[in-house]
Amino acid sequence: MTSSTELGRALRILADFAELRGDSEQAGDLRRAAAAIEGMPDPAVVELEHRVRRNRPDDESAFNPAVQSRLREIVLGGGARAITAAQTGLPTLIRSLLALSAVASDEAVTLGRHGILTLPDLQAALDDERLGRTVGDAAGARLRSAAGALELEAGQVSLGRASDSANAFIEAVARACPAVDLLVPAGEIRRWEPLISSIVVVGRASDPPGAIDALCRLSLVHDVLHHSGRRAIVLTGEGEIDVRVAAPDEYGTVLFTATGSRAHLSSVRQRRGAPKLAAREEDVYGHAGLPFIPAELRHATGEIEAAAAGALPGLVSREHIRGDLHMHTTYSDGADNVDAMVAACCALGYEYIAITDHSERAAASRTLTRADLARQRDEIAAIRDRYPQIVILHGVEADIMPDGRLDFSDAALEPLDIVLASLHDSAGHDAKSLTRRAIQALRHPLVTIFTHPENRIVGRRAGYPMDFDAIYAAAAETGTALEVDGAPSHIDLDGEHARAAAAAGVTLVIDSDCHRARWLDRQMQIGIGTARRGWIEPRHVLNARPLADVRAFIAAKRARRP
Ligand SMILES: [Zn+2]
Ligand SMILES: [Zn+2]
């Protein structure tokens, strides 16, 4: 038989889990049942177990059906199994902390009562030293080391996937819950981090608890891992989403806090003193004596000082972008044909685009031969007549060979409107050789853009360890643009590199490097968000200029030929 102590213990843990999910009523029922069973003499426990096994609760049972079904799980399968099963319905952070034995279930409840339910919550609590006061110093120390371990595991979702999930959720809320407005991605997505560890969205409603209840009932919500009056952590097919709904007078504060970064929040708090509620983020900054700081700049890398001095950059945004100079079609490894890409770019309102498929030697699944290039030239010429509203440049994304030359001859490249060059294949070279190859390509008079210079694969392969200062100097000197590539796997140059390049006088270009018509806009947006992280202004960006200026930029470099 199961002892009364074992039954009681299992029920108390299940009660803690119910409370963590936000179901305090069930938690209370389970705790009362635990206390009643713990006080029973052995024969009464035996009798209770019999009834539970036969699924015949007596009519006078003090236990409601939910408690009875929990008891049945424990009696039939054992307490450990019931506890493991119930853990799957908890927020990821809490599940991980329990698995690492960093907390017991009652300590997890204390965390939950203080709103610590995701890794960013835990990090914030560690930052402002709330944690020791909340759970005691011993648990605080265990949580600090657990947070370190979890940070290493986190961040596995690409920005593209995470923002798709967030946006699908936001669209579903907009359709089904009109009481919620201003619902936007916050956190890492709003800061355009290349890798996302936690999806957070923030919205506004005059009745936050009612709005939370409504969005927990959406059909794309598979489970509600936690809910309270202002917050729900929901599980969708794409993973966990942390939803905050603020009342109108607190929306600014909640959005600001949920956006981070941690370093930025702490710098602003130092200037601001005790937190005050704010309806708009502008008011949060106003309380700190600062103008509004765009989310992409919030990394404590000089933005507070710049804001205080009235010297924030006027960042590039979507309306500045006149064209997209890097995309693929079915001539190489793209999914859509030239016509589909052109039509989609027209719909985006671009004035000009470049079709730039992979050259012969690229390690792509399909590449262009010189004969294909001629065929593509004729096809583009025919398509131009059908789309008079846009200028279609014919280009190529050429490969920089191990010896630093391009894989197409000058004779093949010369007739093209624009040439992009990429270091797709490192050939096992070290930093010095890679830098030499890059600079040789930058010196090639026909190369207008050095594309995705670091050639990293976000989350899988680090960028090349090249001498970037030398590359920036060569790009500036030769009049070659460096790319901020918005493909979620590249995001390259990243913000930090883009900022350093612009400071070195380099012209940047923001491209989608898109392989699918329906992703043209999304990848351009990622490129723009990344450039904004690098403090990039429209004056730094080639494709924020009219076509005549782009042509002049290309011609100026070509004219340098000896
Ligand atoms: Zn490429
Ligand atoms: Zn490409």
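Any read-out appearing in this document is the output of simple, stated calculations on the displayed coordinates, not a laboratory observation. Here the structure is a predicted model, which means the values were calculated and not measured. Positions of Cβ are generated from backbone atoms using ideal geometry, with glycine treated the same way; all protein chains shown enter the neighbour counts.
Pulled fully out, how much extra length does the chain show between LEU218 and ASP128, if you take 0.36 nm times their separation in residues and subtract their Cα-Cα distance?
Between LEU218 and ASP128, full extension yields an extra 28.9 nm.
How far is helix 137-153 tilted off the main Cα axis of the chain, in degrees rounded to 10, range 0 to 90?
40
Just need the Rg to Rh number for region 157-308, please, alpha carbons only, Kirkwood Rh. Before the final figure, lay out the partial values.
Working: Rg = 15.4 Å, Rh = 15.7 Å.
We get a ratio of 0.98 for region 157-308.
Can you sort ASP339, ASP121 by how many other beta carbons sit within 10 Å, fewest first? Please report the intermediate quantities before stating the final value.
Numbers: ASP339 16, ASP121 20.
Result, fewest neighbours first: ASP339, ASP121.
How do THR134, THR356 line up, fewest other C-beta atoms within 10 Å first? Show your work: numbers first, answer last.
Details: THR134 17, THR356 31.
Listed from fewest to most nearby Cβ atoms, that is THR134, THR356.
In whole angstrom, how far apart do the alpha carbon centroids of region 460-491 and region 6-25 sit?
Rounded to whole Å, the Cα centres lie 54 Å apart.
Describe numerically, in nm with one decimal, the distance between label points set 7 Å from Cα along Cα→Cβ at LYS276 and at GLN389.
With each label placed 7 Å out from Cα toward Cβ, I get 4.8 nm.
Sticking with the crude label model, points 7 Å out along Cα→Cβ, report the distance from ALA381 to ARG269 in nm, one decimal please.
6.6
Taking only DSSP H segments of four or more residues, each worth -39500 (n - 2.57), what value at 222 nm results for the chain once the sum is divided by all its residues, to the nearest 500 deg cm²/dmol? Walk me through the numbers on the way to the answer.
On the way: 25 runs with 267 residues, N = 562.
For the chain, the value works out to -14500 deg cm²/dmol.
Would you work out which of PRO178, GLY273, ALA162 lies farthest towards the positive end of the dipole of region 157-308, given +1 charges on the beta-carbon of Lys and Arg and -1 on that of Asp and Glu, about the Cα centre?
Looking along the dipole axis, the top candidate is GLY273.
Taking the dipole about the Cα centre of the chain, with the C-beta of Lys and Arg at +1 and of Asp and Glu at -1, give me whichever of ALA308, ILE380, LEU98 is farthest to the positive side.
ALA308
Just going by the charge dipole of the chain, with Lys and Arg at +1 and Asp and Glu at -1 on Cβ, which of THR110, HIS490, LEU71 is farthest out on the positive end?
About the Cα centre, the residue reaching furthest to the positive side is HIS490.
In region 157-308, what percentage of the DSSP-assigned beta bridges are antiparallel, given to the nearest 5? If you can, show how the numbers build up before the last one.
Numbers: 15 of 21 bridges.
Here the antiparallel bridges make up roughly 70 percent for region 157-308.
Pairing the Cα long axis of helix 4-20 with the longest principal axis of the chain, what angle in degrees results, from 0 to 90 and rounded to the nearest 10?
40
Taking R0 as 30 Å, what FRET efficiency do you get between ALA66 and ALA99 from their Cβ-Cβ distance, rounded to the nearest 0.05? Don't skip to the answer; put the middle values down first.
Working: r = 26 Å, r/R0 = 0.85.
It comes out at approximately 0.70.
Report the full-extension gain for the segment ASP42 to ALA552: residue separation times 0.36 nm, less the Cα-Cα distance, to one decimal in nm. Could the numbers behind the result be given before it?
Numbers: separation 510, 0.36 × 510 = 183.60 nm, distance 9.18 nm.
Separation in residues times 0.36 nm, less the Cα-Cα distance, equals 174.4 nm.
Would you mind estimating how fast the chain diffuses translationally, via Stokes-Einstein at 10 °C and 1.306 mPa s with the Kirkwood radius over Cα pairs, in µm²/s? If you can, show how the numbers build up before the last one.
Numbers: Rh = 26.7 Å.
Here the translational diffusion coefficient equals 60 µm²/s.
Add +1 for every Lys or Arg and -1 for every Asp or Glu among the other residues with Cβ under 13 Å from the Cβ of ARG545, and state the total.
On the way: positive: ARG322, ARG539, ARG551; negative: GLU351, GLU537, ASP549.
Here the charged neighbours net out to 0.
Quick one: what Rg and Dmax do you get for region 437-513 from the alpha carbons, in Å?
So, for region 437-513, Rg and Dmax equal 11.4, 34 Å respectively.
Does region 320-558 come out rounded, prolate or oblate, given a ≥ b ≥ c as the square roots of the eigenvalues of its C-alpha gyration tensor, rounded meaning a/c under 1.5 and, failing that, prolate meaning a/b above b/c?
On the way: a/c = 1.44, a/b = 1.22, b/c = 1.19.
Rounded, since a/c falls under 1.5.
How high is the FRET efficiency between ASP137 and ALA85 when r is their beta carbon distance and R₀ equals 41 Å, given to the nearest 0.05? Provide the component values of the computation, followed by the final result.
Numbers: r = 33 Å, r/R0 = 0.80.
The formula returns an efficiency of 0.80 here.
Roughly how many nanometres apart are two label points built 7 Å out from the Cα toward the Cβ at ASP410 and GLU25?
Each label point lies 7 Å from its Cα, and together they span 8.1 nm.
Please order LYS557, LYS276 by the number of other Cβ within 10 Å, starting at the fewest. Please list the in-between numbers first.
Details: LYS557 20, LYS276 12.
Fewest to most other Cβ atoms nearby, the residues stand as LYS276, LYS557.
Hey, got the dipole for region 272-330? About the Cα centre, +1 on K and R Cβ, -1 on D and E Cβ, debye to the nearest 20? Please list the in-between numbers first.
On the way: 6 positive and 8 negative charges, 21 e Å.
Here the size comes out at about 100 debye.
Using r as the Cβ-Cβ distance of ARG318 and ALA176, and R0 as 25 Å, what FRET efficiency do you calculate, to the nearest 0.05?
Values: r = 28 Å, r/R0 = 1.11.
Once the sixth-power term is evaluated, E becomes 0.35.
Calculate the dipole size of the chain relative to its Cα centre from +1 charges on Lys and Arg beta carbons and -1 charges on Asp and Glu beta carbons; express the result in debye to the nearest 20.
On the way: 64 positive and 77 negative charges, 80 e Å.
It comes to approximately 380 debye.
Karplus couplings for region 352-364 from phi (6.51 cos²θ - 1.76 cosθ + 1.60, θ = phi - 60°), rounded to Hz, Gly and Pro as x?
Rounded to whole hertz, the list is 8, 9, 10, 8, 9, 6, 6, 7, 3, 9, 5, 7, 8.
Mind pulling the angle between the C-alpha long axis of helix 370-386 and the longest principal axis of the chain? Nearest 10 degrees, somewhere in 0 to 90.
Long axis of 370-386 versus the principal axis of the chain: about 80 degrees.
Quick check on region 320-558: of the DSSP beta bridges with both residues there, what percent are antiparallel, nearest 5%? Please report the intermediate quantities before stating the final value.
Values: 3 of 27 bridges.
So the antiparallel bridges amount to about 10 percent of the total.
What share of the DSSP beta bridges in the chain is antiparallel, in percent to the nearest 5?
Numbers: 18 of 48 bridges.
If we restrict to bridges inside the chain, about 40 percent are antiparallel.
Gain in length, ARG560 to ARG443, computed as 0.36 nm per residue apart minus the alpha-carbon separation, to one decimal in nm?
Details: separation 117, 0.36 × 117 = 42.12 nm, distance 0.99 nm.
Here the segment from ARG560 to ARG443 would lengthen by 41.1 nm.
Where the only charges are on Cβ atoms (+1 Lys, Arg; -1 Asp, Glu), what is the dipole of region 320-558 about its Cα centre, to the nearest 20 debye?
On the way: 27 positive and 34 negative charges, 55 e Å.
For region 320-558, the charge dipole is close to 260 debye.
Taking a ≥ b ≥ c as the square roots of the eigenvalues of the Cα gyration tensor of region 225-337, is the shape rounded (a/c under 1.5), prolate (a/b larger than b/c) or oblate? Write out the running numbers ahead of the final one.
Numbers: a/c = 2.78, a/b = 1.32, b/c = 2.11.
Oblate, because a/c is 1.5 or more while a/b does not exceed b/c.
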